[in-house]
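Each remark here refers to the structure printed beneath this line.
No lab work stands behind these numbers, since they all come straight from the coordinates. Quantities reported herein were computed from a predicted structural model and do not represent experimental measurements. FYI the Cβ positions are ideal-geometry reconstructions off the backbone, even for glycines, and counts take in every protein chain you see.
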Amino acid sequence: MEATMHPPGNSRQLLNLAGCFDYPSAELARQLNVQLEQLENIHVRLFINDRGGTKTPPYAGCYLDRDDRRQFMIDFSGICCEQGIVISSGHPPDHIPAMLETLALLLAEAKESPELDIDSLLQRYYRGWPERFAAALEEHDEVGFYAAAAAELKETLATLHRHSDKGLDH
């Protein structure tokens, strides 16, 4: 198996994007020139609870065609355990910010861990759901921040997939 080179800076980019989908801070509201309460309300409506159900749940398994989200989470948890990554018990393993943080850590470690198959990880756990997550946010995000972050996430992961598909050597 040949190692694949992934573009530099992706770990940092993934961590920044993970932060975009966490509960909003006063700093984020200030940067967006939006009242914190308004941003909190939008976040809750999009990701936590809304009349008629959550429009854009922040869980990758919700955007997959798989009938067995539970197996997806078990398998992803297993990969994390194998790599010594502990996922917070506050969310299921397919919580999108946690998955992005995990991928960022694994990308950063990939150079020192030749046995780590990032390409397989990308294929198995980071395909399909980013496009559906971005589409849902595009439809339901009234301020556009979360939709823009999801579009950037989709492009960042697509770039990683393109480099993975090319099979470039280090």
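Quick notes
- Estimated [θ] at 222 nm from DSSP helical runs (n ≥ 4, -39500 (n - 2.57)) normalised by residues in the chain, nearest 500: -17500 deg cm²/dmol
- In range of the label at Arg162: residues from the range 10-28 whose backbone nitrogen is under 20 Å from the point 7 Å along Cα→Cβ: 10-15, 17
- DSSP H segments from the chain that extend 18 Å or more along their own axis, Cα-based, with Kyte-Doolittle mean of 0.0 or above: 69-82, 96-109
- Relative contact order for the chain: 37 percent, from Cα pairs under 8 Å spaced at least 6 residues apart, divided by residue count.
- Taking amide H positions as modeled 1.01 Å from N, with prolines and chain starts lacking one, the residues under 5 Å from Tyr59 and 5 or more places away or on another chain are Ile96.
- Protection proxy ranking for 143-153, 22-32, 118-128, using the average of other Cβ atoms within 10 Å per residue and placing the highest first: 143-153, 118-128, 22-32.
- In the range 80-120, GluC sites (Glu not before Pro) in a DSSP loop with at most 10 other beta-carbon atoms within 10 Å: Glu112, Glu115
- Listed candidates (i) 0.97; (ii) 1.11; (iii) 1.34 - label of the one calculated as Rg/Rh (Cα atoms, Kirkwood Rh): (i)
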